[in-house]
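Below: the structure, in C-alpha cells.
Please treat every number below as a calculation from the coordinates, not as lab data. Just so we're clear, the structure is a prediction, and the values are computed from it rather than from any experiment. Methodologically, a virtual Cβ is constructed for each residue, glycine included, from the backbone with ideal geometry; neighbour enumeration extends over all protein chains shown.
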C-alpha cells in the first residue's frame, strides 16, 4: 500500500479523513477526561456526598485493593467467561434457527408467534426455574445470557435473510441455482451489515444477561461484587465493578467493529 501513487485530490481526501478521525478520538478522550475531572471535583468540594456517588480516585483505590488481594482478575475472569460463552452460544443458535426459518416458510409461520412471545417475556421471571434447572453455578448464568440474546439474534438475522432482494433471488433461480447456492452466493453476503449490527447489539445483551444472572445466583463475578457492595453499603465497590463492566463491554464492542472492518476489506477484494 505504501507504493500506491494516489492522485492529489485523493491524497487531500485521505489527509482530511485522518485529521477528522484524530479529532473524533481527541474529543472522545477530552469529554471523558472532563467528566471524570468534574466528578472528582464536585465530590472533593463536598457538593455531592462521595459515599453515595463515589469518585474516580476512590474507584481507582478500590480497584487497586481488589488487585492487591488477588480477587480482581478472578471476578473479571468469571464474568468474562460467562458473558463470552453466552454470547457465542446465543449468536450460533440464533443464526442456525434463523437459517431454518428462512429455509422453510412453513416452519417460520409455525414458530414465529412463539418467538415473539418469548421475546416479550421478562427473562428475570424465569430466574427461579433456571436455578432449579441448572443449579447455582455458572451454567445458570450462561443460560440466562443465552436466553436474553438468542431471540435478538434470531430476529435480526432472519430479517436480513428475508430482506434479500427478491429480484436477485428470482434471477438466480432462473439460472438454475439451488437454494443452497442462493444462500451462499447471495443471501449471506447481502446480510453482512445486519449480522454485524446484530453482533453489536448482542454485545450489550450478553453483558445484561450475565449480570442479570449474577444478580439472581452467583458466588463470584462483577455482578456478585455489585450485589455484595450494595448489601453492605460499599458503594465504592459497586461503582468500581460498574466501571470495569463498562471497560470490558467497550472492549468487546470494538472487537466486533474490528471484525466488521475485516469483513468489509475481504468483501472489497
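Classify the range 66-210 as rounded, prolate or oblate, taking a ≥ b ≥ c as the square roots of the eigenvalues of its Cα gyration tensor: rounded when a/c is under 1.5, otherwise prolate if a/b is larger than b/c and oblate if not. It comes out prolate by the Cα gyration axes. The range 100-165 and the range 182-231 have Cα centres spaced 13 Å apart.
Compactness check for the chain: Cα Rg over 2.2 N^0.38 Å is 1.27.
Seen against the Cα atoms of the chain and their longest principal axis, helix 72-103 is set at about 20 degrees. In terms of surrounding Cβ atoms within a 10 Å radius of their Cβ, 75, 156 rank from fewest to most as 75, 156. Please say if the range 1-48 is rounded, prolate or oblate, where rounded means a/c under 1.5 for a ≥ b ≥ c the square roots of the C-alpha gyration tensor eigenvalues, and otherwise the choice is prolate for a/b larger than b/c and oblate otherwise? Taking the square roots of the gyration eigenvalues as a ≥ b ≥ c, the range 1-48 is prolate. Each residue in 40, 82 was given a count of other beta-carbon atoms within 10 angstrom of its own, and listing them fewest first yields 40, 82. Kindly identify the range 202-269 as rounded, prolate or oblate by the Cα gyration tensor criterion: order the square roots of the eigenvalues as a ≥ b ≥ c, call it rounded if a/c is under 1.5, otherwise compare a/b with b/c, prolate if a/b is larger, else oblate. Prolate, because a/c is 1.5 or more and a/b exceeds b/c.
Each principal axis of the Cα cloud of the range 140-269 was evaluated for its coordinate range; sorted largest first, these ranges are 69, 29, 17 Å.
Mind pulling the angle between the C-alpha long axis of helix 8-44 and the longest principal axis of the chain? Nearest 10 degrees, somewhere in 0 to 90. The answer is roughly 30 degrees. Panel order for 83, 242, by other beta carbons found within 10 Å of each beta carbon, from fewest to most: 242, 83. Estimated from helices alone, the mean residue ellipticity of the chain at 222 nm is -27500 deg cm²/dmol (sum of -39500 (n - 2.57) over DSSP H runs with n ≥ 4, per residue).
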